Amino acid sequence: MMKWRQLLILLPSLAFQGCFTGIESTPKITSTDVERQQVGATEEDKFLSGINPQRLSEWKKGKRFYVTDDKIVLALEPTGNPPKSGEYIYFDSYRPVISLTGTEDTEIIFSDKSGGEIVYRVSASRQELENRAKVDVPFTIDMDIVDATSDMLLNKELFLKSPVRYDRKGNSYNGIKFVPVTITEVLPGNVVYQVMVKFKIDGEENPAEEAYLFLNVGDSGRTTRNFATLFYFNDPHRKYPLVTDETWRHIQRGQVVPYMTREECKLALGAPASVSRRNAISTIQELWSYPNGNYLIFEDGILKSVRR
C-alpha cells in the first residue's frame, strides 16, 4: 500500500518534469549536428596549398630569411653580433661537424647584412637533413615563401571572410565581414604565421588606413588561419540568394535579429559551441550557446529570441 502512495506522490512530479521548461535540461549535440553536409576541398582551399619550402639541398646562396624574434640568439652558435627581429640573414652553405658524443651534426651557415658569419647547428647528419622535406630555422621566415605568396595575392580582389583584422603592430579589432578587399602588400609574418597581408577595404564605413591579416600557406596552411578561412574568391551573398539585403547587412556586422534562419545566424555569428534540442508541444525548439555567454532560441528553425 505504501508503494502505491509513494507512486501517486511521484506522478505529478514526473508530469511536471515532462513539460518543456528549459532547453538546458535536454541532451547536448554538437554544432555539426545542426547541418550535416559533405565538405570537399574548395578552390580557396587549393589556392595557396602548393607553396611549400625547398629541401635543404635546393637552397641557393643568398636565400633570405626574415628574423621574427630576438630569441633567435638562443638557437644559434655564439656570435659577437646576433641578428635582431626585423633583420634578414642570408644562406651561404652547410657542413658536417662532429658532436661531443662523436655523432655527425650539421652546421647551416648564414651571413648578416654586413657579411658576418651566423651558424645554426642541427643535431642531424647532412644526409638526414637533405632527405627531409623541409628544414626549419627557428625564429625565421623563408622569404621565398613570402615572395611566392605575393606573386599570387598582390593586387588580387577578394571578399573578406572574417570580421577580425589587425593594425601594423598586431593589435586586433573588428570590422565588417564579407566585404570586397584588394591585397596591396604581402609581408613576412611573425613567430606563428608565415605571411602578413595588407589590404584595402571597399564599402566599409570609415575604413582604417592600414588593415592586415596573418596566415599560413602550403602544408603549414592546414591550420585554423589559412587562405580558405579568411577569404572568398566571389561575393558570398550570391551563394544565398534568399537572404534579403537588409538581413545581409546584419550578417556583415555580426548581428542577429528575430526571424532570421539558423543558416543566417550561423553566417552572422559562426557555429555555436553547443546545441540543445527539444520537441515542445507543437514545435521543435533549439538553443545555441556561444562561448561569450550569448545564446539563441529557435522554434522550427526560426530565431525567436536572443539571451545575453
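The values are calculated or read from the model by the stated rules, or taken from the named source; none is laboratory data. Note that this is a predicted model, so its numbers are computed, not measured. A quick note on method: Cβ atoms are made from the backbone with ideal geometry, for glycine too, and the neighbour counts reach across all protein chains shown. For the accessible areas, the whole protein counts, side chains as well, though only heavy atoms, and no ligand, DNA or RNA atoms are used. Shrake-Rupley method; radii C 1.70, N 1.55, O 1.52, S 1.80 Å.
Quick check: is even one residue across the stretch 89-99 modelled with pLDDT of 95 or more, open to solvent by 40 Å² or more (accessible area, probe 1.4 Å), farther than 22 Å from ASN190 by Cα and assigned to a loop (DSSP other than H, G, I, E, B)?
Within the stretch 89-99, none of the residues are modelled with pLDDT of 95 or more, open to solvent by 40 Å² or more (accessible area, probe 1.4 Å), farther than 22 Å from ASN190 by Cα and assigned to a loop (DSSP other than H, G, I, E, B).
Test of understanding: among GLU263, GLU246, which residue is among the charged types (D, E, K, R) and without any contact (Cβ under 8 Å) to a residue 24 or more places away in the chain?
GLU246
Any idea which residue in the stretch 237-248 is surrounded by the fewest Cβ atoms within 10 Å (Cβ to Cβ), counting only those that are closer than 18 Å to GLY175 by Cα and within 24 Å of the chain's Cα centre (by Cα)?
Restricting to residues being closer than 18 Å to GLY175 by Cα and within 24 Å of the chain's Cα centre (by Cα), the top hit is HIS237.
In the stretch 100-111, how many are surrounded by 10 or more Cβ atoms within 10 Å (Cβ to Cβ) and of a type in the set (A, V, I, L, M)?
Number satisfying all stated conditions: 2.
Quick check, is THR229 in a helix (DSSP H, G or I) and at pLDDT below 95?
For THR229, the condition - in a helix (DSSP H, G or I) and at pLDDT below 95 - is met.
For the stretch 161-193, what are the residues that are farther than 13 Å from GLU210 by Cα and among the hydroxyl-bearing types (Ser, Thr, Tyr)?
SER162, TYR193
Out of the residues in the stretch 113-157 that are open to solvent by 30 Å² or more (accessible area, probe 1.4 Å), part of a helix (DSSP H, G or I) and among the polar types (S, T, N, Q), which is farthest from ASP219 (Cα to Cα)?
In this case the residue turns out to be GLN127.
If we scan the stretch 250-265, do we find a residue that is hydroxyl-bearing (Ser, Thr, Tyr) and under 25 Å from LYS71 (Cβ atoms)?
No - not one qualifying residue is present in the stretch 250-265.
Output the residue which, of all residues in the stretch 254-308 that are among the basic types (Lys, Arg) and either open to solvent by less than 30 Å² (accessible area, probe 1.4 Å) or within 20 Å of TYR240 (Cβ to Cβ) (or both), is farthest from the chain's Cα centre (by Cα).
Going through the qualifying residues, I end up with ARG262.
Residues that are in contact with a helix residue (DSSP H, G or I) (Cβ under 8 Å, 6 or more places away or on another chain), on the phi > 0 side of the Ramachandran plot and either open to solvent by less than 20 Å² (accessible area, probe 1.4 Å) or at pLDDT 95 or above (or both): does the stretch 209-226 have at least one?
Yes, because at least one residue in the stretch 209-226 is in contact with a helix residue (DSSP H, G or I) (Cβ under 8 Å, 6 or more places away or on another chain), on the phi > 0 side of the Ramachandran plot and either open to solvent by less than 20 Å² (accessible area, probe 1.4 Å) or at pLDDT 95 or above (or both).
Assess whether GLY86 counts as being surrounded by fewer than 14 Cβ atoms within 10 Å (Cβ to Cβ), at pLDDT 95 or above, of a type in the set (Gly, Ala, Ser) and under 30 Å from the mean Cα position of the chain (by Cα).
Spelling it out, GLY86 is indeed surrounded by fewer than 14 Cβ atoms within 10 Å (Cβ to Cβ), at pLDDT 95 or above, of a type in the set (Gly, Ala, Ser) and under 30 Å from the mean Cα position of the chain (by Cα).
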